[in-house]
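The values are calculated or read from the model by the stated rules, or taken from the named source; none is laboratory data. Small disclaimer: the values here were computed from a predicted structure and weren't measured. Cβ: placed from backbone, ideal geometry, glycine included. Neighbour counts: every protein chain shown. The protein model used for the area step is the full one, side chains on, heavy atoms only, and it has no ligands, DNA or RNA in it. Shrake-Rupley method; radii C 1.70, N 1.55, O 1.52, S 1.80 Å.
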Amino acid sequence: MTFGEQPAYLRVASDLREKIANGSLPPHTRLPSQARIREEYGVSDTVALEARKVLMAEGLVEGRSGSGTYVRERPVPRRIARSGYRSGAGASPFRQEQTADGVRGTWESRSEQEGASPEIAERLGIETGDRVMRTRYIFREAGEPMMLSTSWEPLAITGRTPVMLPEEGPLGGCGVVERMAAIDVVVDNVVEQVGARPGLAEELLALGGVPGHVVMVIGRTYYASGRAVETADVVVPADRYRIAYHLPVR
């Protein structure tokens, strides 16, 4: 087999990836052994090993202790709608979007006060160490973990108010816009930035992923007259979900 200029291990990985995609190597099938790859493609043991590592890092195969390496079941990606705030709904965007899609979602949350890290302080436009309310969420769809979220709100804005705890009090569970409006803070803008990175060990453990899996991260910040009133990181497993935006034309 002629490999040209591309590194041999990438060409081997590409061919095996194509076999997985077209069903020649269906889910739960054992991947060819290192010796077989070496013989079939005419490459060294090192190249065969590196090709297998590529497929494992991509989440296409998984190692089973004492048994070998097998093709993983590939989930059909599902949609997570991002349609922004809709007034009068009395719920957070997650709850609004789950209802719109006819899905029964559940979630758990925990809020704690902490000093703002340099990164969070920059996002909120406050000083490092200023007190913020950090709330961590895990969202589930039909019992399956689907999304993690961590939000931070400056206690200089919400402290000693009925909305200090996002999931408790008279407006517990409502969205940021409605909660802020209750303390006369008018949210007029929201910015989201979407990126991707390898999932952290604790994220993948919570979401049911495996080491090497990629997650999408949505960095969201709400503003009121140019002042940040909440910022959050939303983490979604990239192999199971697609982010769909519904943006009105003005």
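Quick one: divide the alpha-carbon radius of gyration of segment 97-198 by 2.2 N^0.38 Å and tell me what you get.
Working it through for segment 97-198, the quotient is 1.16.
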At a probe size of 1.4 Å, how large is the accessible area of Ile138, to the nearest 10 Å²? 30 Å²
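Mean residue ellipticity at 222 nm from the helices of the chain, using -39,500 (n - 2.57) per DSSP H segment of n ≥ 4 over the full residue count, to the nearest 500 deg cm²/dmol?
Details: 8 runs with 67 residues, N = 250.
Counting only the DSSP helices, I get -7500 deg cm²/dmol.
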Calculate the spin-label point distance for Arg242 paired with Leu205, positioning each point 7 Å from the Cα along the beta-carbon direction, and give it in nanometres. 3.3 nm
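If you take the Cα Rg of segment 1-70 and divide it by 2.2 N^0.38 Å, with N the number of residues, what do you get?
On the way: Rg = 11.4 Å, N = 70, 2.2 N^0.38 = 11.1 Å.
Segment 1-70 yields a ratio of 1.03.
Applying 1/(1 + (r/R0)^6) with R0 = 30 Å to the Cβ-Cβ distance of Arg36 and Val76, what FRET efficiency is obtained, to the nearest 0.05? Intermediate results must be reported in sequence, preceding the final value.
Details: r = 30 Å, r/R0 = 1.00.
Computed FRET efficiency for Arg36 and Val76 comes out at 0.50.
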Could you please report the charge total around Ala156, scoring K, R as +1 and D, E as -1 over all other residues with beta-carbon less than 11 angstrom from its beta-carbon? 0
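With every protein chain kept in place and ligands, DNA and RNA left out, what is the accessible area per residue of segment 147-193? Probe 1.4 Å, answer in Å². Walk me through the intermediate numbers first.
Numbers: 2250 Å² over 47 residues.
Each residue of segment 147-193 exposes 48 Å² on average to a 1.4 Å probe.
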Taking 0.36 nm per residue of sequence separation and subtracting the Cα-Cα distance, how much length would be gained by fully extending the chain between Gln193 and Glu62, in nm to one decimal? 44.0 nm
Tell me the label-point distance for the pair Ala156, Asp130, using the 7 Å Cα-to-Cβ offset, in nm and rounded to one decimal. 0.3 nm
Order of 10-21, 64-75, 106-117 by packing, highest average Cβ count within 10 Å first? 10-21, 106-117, 64-75
Give the long-range amide H neighbours of Gly173: residues separated by 5 or more places, or on another chain, with amide H under 5 Å away, using H modelled in the peptide plane at 1.01 Å from N. Glu167, Glu168
Quick one: what do you get for segment 161-250 if you divide its Cα Rg by 2.2 N^0.38 Å? 1.32
Averaging sequence separations of C-alpha pairs under 8 Å and six or more residues apart, then dividing by the length of the chain, give the relative contact order as a whole percent. 17 percent
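Can you give the Rg to Rh ratio of segment 167-209, both from alpha-carbon atoms, with Rh computed by the Kirkwood formula? Show your work: numbers first, answer last.
Working: Rg = 16.1 Å, Rh = 13.5 Å.
Rg/Rh: 1.19.
What is the percent carbon and sulfur in the accessible area of the chain, measuring with a 1.4 Å probe over the protein chains and ignoring ligands?
Working: 7000 of 13600 Å².
Exposed carbon and sulfur together represent 52 percent of the surface.
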Net charge near Thr231, counting Lys/Arg +1 and Asp/Glu -1 over other residues with Cβ under 10 Å of its Cβ? -3
Cα centroids of segment 28-47 and segment 220-245: how far apart, whole angstrom? 43 Å
